[in-house]
Each structure stands twice: as C-alpha cells, then as structure tokens.
Amino acid sequence: MSGNAAPSAAQSNGISDKELIAQAQQAFENIRGELAKVIVGQDQAIEELIIAIFARGHCMLEGVPGLAKTLLISTLAKALHLSFKRVQFTPDLMPSDIVGTEVLQEDPVTKARVFKFLKGPIFANIVLADEINRTPPKTQAALLEAMQEKKVSIGNEEYKLDQPFFVLATQNPIDQEGTYPLPEAQLDRFLFKIFVGYPTDEEELEVMRRVASPAMANAEKSVRQVLNGEQIQAFQQLVLRVPVADHVLHYAKALVRATRPKEADAPDFIKEWISWGAGPRASINLIIAAKARAVLYGQFHVTCEDIDAVAKPVLRHRIACSYTATAEDITTEHVVEKLIESIPKDEKKPAARK
C-alpha cells in the first residue's frame, strides 16, 4: 500500500472501522519496512515507537551511545512525512532555546518598535530532545506545557503547536556525573520508556557492512513516505474507538494497583522491592497503548495479551525499586515480569468476581 492509500481525516468518515484497521495494519508493516532500509534490528524499539505514535504519546529512549537512536527517530519522521527538529540538551541550554523568544524589531514602514516572537525548535511535529538529562530542571520544565497542553505560553500570548506533536527524548544510562535526572512528574508525561539494546552478532556485522559502504547514503534517501500528519490523526481517532472488555479493564487496573506497596492486597514481593508505585496515568496509558497495539495487529478489540505487551514500557519509569531490590540486583523489568505472572487474567464478568 502506498502512503497515499491511507485515509485522510476527512476521507475516513466514509470508511468503516474494519477497513481502517486493515489499512492501519498495512501502514504498520510499511513503516517497519521503510525503517529496515536504514535501521538494522531494534524490532522491539521500533514497534513500541510506532505504537506510541498511534497512541498519541511521547517516548523516552534509553541506550548507550552509538545505537542509532537519533537516526531511528529522524528516519521515522521521514517515513511519516512529519517535520523534525533535534535539540542537543547541554548544561547551558536555556528554555528560550527550546520554545523560542521575543525580539524587539523596528517596523520598516512605521518605524515603530514592536516585539516579534521567533519560534523555537519545539514547533515541529517530532522533537528529538537528545540527552535530556544533560540540562538543568528549568530547561527540562520548558517541555512540560508543550507535552501536556500542546501549546507554548510566551508573555500573555499562547501559541498552539502543530499536530500531531511528539517529544521523543533520549538519555544515556551511563556516565551520570553532571546530569540532572528527570523528576517523576516529568517522567510520568512520557507514555513509554523504551530500552534500545545492543545489536545481535549478525546485526552488528550487517551494520558494519552497511555503514562502511556507499549504500548507506542511498538507503537514507530511498525512505519513502508511508503516512502524513492528517492520516496519522485519523488513525489516532480510530484507536480511541477500539472497544475494551470489562475483564481487560479490570486486569489493567489490577496490574497498576499491584505496583503500590501500601495497598493492602499488594503482593509481598512488591512490598519488599518497590518504594512507590505507578499512578492513575499508568492505568490510562496501559489501555490507550494496548488499543494502539491491537489496531496495528489488525485486531478489533483489546486483549490481556495486548496489556502484557505494553506493560514494561508503560510501567518501567513509573515505579521505583527499594534499596532491598537494588541490593538483590532486582530491576523494574523483573518486577513487571513477576506482576504479569502473578495477576490473574479473569475473563469472567466483573459481577461474578469476589
């Protein structure tokens, strides 16, 4: 399916949701195919990124240097035909370097001096906040309003951001000296925290072959448009219409509530390993992300398996391990895996549960 075959927001009114889901599934495959021209491996990270786009969510990508995080995001922007801006976060970066600033200019006709707003890099569809933990909290906070409200306030004026809008931030898990860890309130604004891991032996060999040949430049140029902003928004509206059965809602709720150590019915390992658990936004994001995954896999409803598939990227940055867990080398990954194993997937009607 070519990029133009997907529906626009206006066109989708005459297309059934069944047809839209089939088109979304095909678009998903096409996007992965375009990214594979440039990116070797990273299938899990790519899938989670695309789910986040369809779920209208921001992402935090974490991985050591040299894993092509920036290349992955810029290539995704090309395939989606979205405007892209990259901001390198440094200790001396100011909020105005992100959102923009007002400058005093003289009108060439009236000679009157007026303030004019010069837009910053935040005014793009996809904003890459590279090494976001390298800049002070004041500058990190400049992203909060844009991420949550989809607008920027300068003085008495408000400027709406172009839609769709995504902040895709990266951070380096090593060399933490001189960094500014993001506060929990800001981490919670990210739908997913995505781990970008090392390539396999075969993948690393393929990376070496590609980068050391002229084919790499040609591959980047050959990435074609699969969707555009209007079509993405049509699919985002489709995601919201996907039905969720009560037993799936109850399972997602139980999964999140079980992360809270002060809950009376929290598992013993949670009380031992977790300092604080996930808030209600995690429950909401579990459902929305699961809906997006269901659409991308051509399903007409959400299953508990969809919840399990998105549980790690949704929860890993919303729970904190205790000193006991750290001493035992227990990570949030282990905790979420154990939760998925321990929470029952009851497919009976809620009224029948005791």
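The values are calculated or read from the model by the stated rules, or taken from the named source; none is laboratory data. Not measured: the values here are computed from a predicted model. As a convention, Cβ positions derive from the backbone with ideal geometry for all residues, glycine included, and neighbour counts pool all protein chains shown.
General remarks:
- Conditions (1) under 25 Å from PRO183 (Cα atoms); (2) out of contact with any Lys or Arg (no Cβ under 7 Å at 6 or more places or on another chain): number failed by ALA124: (2)
- Among (1) surrounded by fewer than 22 Cβ atoms within 10 Å (Cβ to Cβ); (2) more than 19 Å from GLN44 (Cβ to Cβ); (3) not aliphatic (A, V, I, L, M), the one test that TRP273 misses: (1)
- Which listed residue, of SER83, SER2, SER8, is modelled with pLDDT of 90 or more, in contact with a helix residue (DSSP H, G or I) (Cβ under 9 Å, 6 or more places away or on another chain) and of a type in the set (Ser, Thr, Tyr): SER83
- Scanning the range 143-164 for residues that are in contact with a Ser or Thr (Cβ under 9 Å, 6 or more places away or on another chain) and under 22 Å from ALA77 (Cα atoms) returns a single hit, ASP162.
- When HIS58 is tested against (1) in contact with a strand residue (DSSP E or B) (Cβ under 6 Å, 6 or more places away or on another chain); (2) over 16 Å from GLN171 (Cα atoms), only condition (2) is not met.
- Taking the range 295-307 as the range and being surrounded by 20 or more Cβ atoms within 10 Å (Cβ to Cβ) and assigned to a helix (DSSP H, G or I) as the test, the residues that pass are VAL295, LEU296, CYS304, ASP306, ILE307.
- Flag for THR90 being of a type in the set (Ser, Thr, Tyr) and exposed (fewer than 14 other Cβ atoms within 10 Å of the Cβ): yes
- Some residue of the range 42-55 being in a loop (DSSP other than H, G, I, E, B) and charged (D, E, K, R): no
- Top-ranked residue in the range 94-115 [being surrounded by 14 or more Cβ atoms within 10 Å (Cβ to Cβ) and either hydroxyl-bearing (Ser, Thr, Tyr) or in a strand (DSSP E or B) (or both); ranked as modelled with the lowest pLDDT]: GLU102
- Counting only residues that are assigned to a loop (DSSP other than H, G, I, E, B) and touching a helix residue (DSSP H, G or I) at 6+ places or on another chain (Cβ under 7 Å), the range 229-269 holds 6 of them.
- Residue among GLY277, GLY298, GLY229 that is of a type in the set (Gly, Ala, Ser) and under 19 Å from the mean Cα position of the chain (by Cα): GLY229
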